[in-house]
Amino acid sequence: MFPPDTLLPQLTSVCVCVCVCVCVCVFCVAEKPAKKPLKKPIVKKVPMDIAMVIDSSNNIGRRRFSLQKNFVSKLVATLRVGPTGPHIGLIQASDSPRTEFLLTNYTQPKDLLFAIRELAYVGGDTNTGKAIMHTAETFFVQERGGRRGHPRVMVVLVDGWPSDDLEQAGKFARDSGINVFLVSVAKPAPDELPMVRDKDFMKKAVCKDNGFFNYMIPSWFSTTKHIKTLSQRLCSLDGLLCSKTCYNSVNIGFLIDGSSSVGEANFQLVLDFLAGIANGFDISDVGAHIGAVQFTYDQRLEFGLFDHSKKEDALNAVKRIPYMSGGTATGAAILYTAEKLFKRAGPGRNFLVLVTDGQSYDDVGNPALIVQKQGITIYSVGVAWAPMEDLKVMASEPKDSHTFFTREFTGLADLVPLLVRGICRDFTEKN
Ligand SMILES: *[C@@H]1O[C@H](CO)[C@@H](O)[C@H](O)[C@H]1NC(C)=O
């Protein structure tokens, strides 16, 4: 086909080309087991759920909005998103928050980066507080792709300062076990300061004001050099102190008086009361745990802290405890519970809720003290003939907030929220 004088150069170039290719390939293959390792990733692959809340207000403007997208893309690229790594969703903050995509929409880095590039600028006020609240309330639920037992992180980007209040939203996020990181870019200028509603907004949005959860970047033009530090912070599991809340990490033992004076019908009211308390917590294999012991002169382990991994099963187990009937030896029962129920539990978040309707035949003071020294906080709840003096002796300090009394068994139901709140308050003070 080709005239000979044109064929030769063609052949030569094909040949050179093939040669180069083969050489490169051989080179590649030869290099494969090689000295030069893959570029070391900046962060470990941590399976957590991350909500990116970005600023889409008038304040930031189109130009900086686009710089923000670049920054978020680079941050996301270092985080090693994937089915077994972090999941990332995104919310835009403006007048009203706008959820752009959920945690499970894009679990491949390239899809996620594409989605970020496609984000449209909204405009409006910087209602960051509203966006944090909305995200904390709706974003991490299981129906929308939140993974149970995975750390929850919210990265909130603010250009300058927010136009609404962050304190309430920050508190709600903290109580929900979400680690809020506030990344504030470009401080307000001195002449803008009078417009800033709350000068302490940086501290108030985050779950712990220890410096770890705040990040300041001076300008949108210098964000790249902060990617490494910020992504390492997000991925340091030890730093994510806010994942643990009273709701998802306490161990609660119920110690139930099954003596004859209680009676079958009232015993059921006691069980309803305890199930009510249990219902206030996120019980699961990775969450809060409950267990129960019933006592007369004797003691019976009804079920242990790790016997039920589903909340429903745990609540049913409480409601179905069969009534024993007999005498009352509360002191011995307290020691038994510490030994049988809390043996395998870690320290620092153990609670014992003791319900009794009368005087104990044995000493309660020493056993209660021994158990408290093991790190178990005791709440004593008395009904009918239970002597206030004994209740106080058994309860943890401060006695007044750990002792409850009701004349009638029907009064127990009103105590449920007080007990739940008390346990949460103790937990927060210790952690
Ligand atoms: C994300 O996933 C949800 C639920 O699966 C779906 O309803 C929604 O349309 C998805 N959004 C996008 C942007 O793909």
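Does V293 meet the test of being modelled with pLDDT of 95 or more, in a strand (DSSP E or B) and touching a Leu at 6+ places or on another chain (Cβ under 7 Å)? Write out each step before concluding.
Numbers: modelled with pLDDT of 95 or more: yes; in a strand (DSSP E or B): yes; touching a Leu at 6+ places or on another chain (Cβ under 7 Å): yes.
The answer is yes for V293.
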Candidates T223, T229, filtered to the one that is of a type in the set (V, I, T) and open to solvent by 20 Å² or more (accessible area, probe 1.4 Å) = T229
query = Is one or more of the residues making up region 173-185 modelled with pLDDT under 85, more than 20 Å from S249 (Cα to Cα) and touching a strand residue (DSSP E or B) at 6+ places or on another chain (Cβ under 7 Å)?
reply = no
query = Under 6 Å by Cβ, and 6 or more places apart or on different chains, what pairs join a residue from region 112-140 that is within 12 Å of A173 (Cα to Cα) with one that is within 15 Å of the ligand (Cβ to nearest atom) and of a type in the set (G, A, S)?
reply = T135/A51; F139/A51; F140/G146
key: Residues being buried (at least 17 other Cβ atoms within 10 Å of the Cβ), more than 13 Å from the ligand (Cβ to nearest atom) and in a loop (DSSP other than H, G, I, E, B) - total across region 96-120   = 1
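Quick check on I252: is it open to solvent by less than 10 Å² (accessible area, probe 1.4 Å) and in contact with a Phe, Trp or Tyr (Cβ under 6 Å, 6 or more places away or on another chain)?
Yes, satisfied.
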query = Filter region 307-323 for residues that are assigned to a loop (DSSP other than H, G, I, E, B) and touching an Asp or Glu at 6+ places or on another chain (Cβ under 8 Å); which is least open to solvent (accessible area, probe 1.4 Å)?
reply = I321
ask   = Among the residues of region 342-397, which ones are acidic (D, E) and either in a helix (DSSP H, G or I) or not assigned by TED's automatic domain parsing to the domain that holds F295 (or both)?
value = E389, D390
note = For region 381-424, the count of residues that are within 17 Å of A278 (Cα to Cα), open to solvent by 70 Å² or more (accessible area, probe 1.4 Å) and in contact (Cβ under 8 Å) with a residue 12 or more places away in the chain equals 1
request  = Take region 219-270 and flag every residue that is farther than 29 Å from V43 by Cβ and modelled with pLDDT under 90.
outcome  = C246
note = The one condition I91 fails out of (1) in a loop (DSSP other than H, G, I, E, B); (2) within 14 Å of the ligand (Cβ to nearest atom); (3) among the hydrophobic types (A, V, I, L, M, F, W, C) is (1)
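Output yes when any residue across region 128-141 is open to solvent by 10 Å² or more (accessible area, probe 1.4 Å) and within 16 Å of the ligand (Cβ to nearest atom), and no when none is. Step through it out loud before you land on a result.
At the first step, the residues of region 128-141 found to be open to solvent by 10 Å² or more (accessible area, probe 1.4 Å) are 130, 133-134, 136-138, 141.
Add one more test, that the residue is within 16 Å of the ligand (Cβ to nearest atom), and what stays is 138, 141.
Within region 128-141, one or more residues are open to solvent by 10 Å² or more (accessible area, probe 1.4 Å) and within 16 Å of the ligand (Cβ to nearest atom).
The values are calculated or read from the model by the stated rules, or taken from the named source; none is laboratory data. If you're wondering where the values come from, they're calculated on a predicted model, not measured in any experiment. Backbone-built Cβ (ideal geometry, glycine too); neighbour counts: all protein chains shown. Keep in mind that these areas ignore ligands, DNA and RNA; they rest on the heavy atoms of the full protein, side chains included. Shrake-Rupley method; radii C 1.70, N 1.55, O 1.52, S 1.80 Å.
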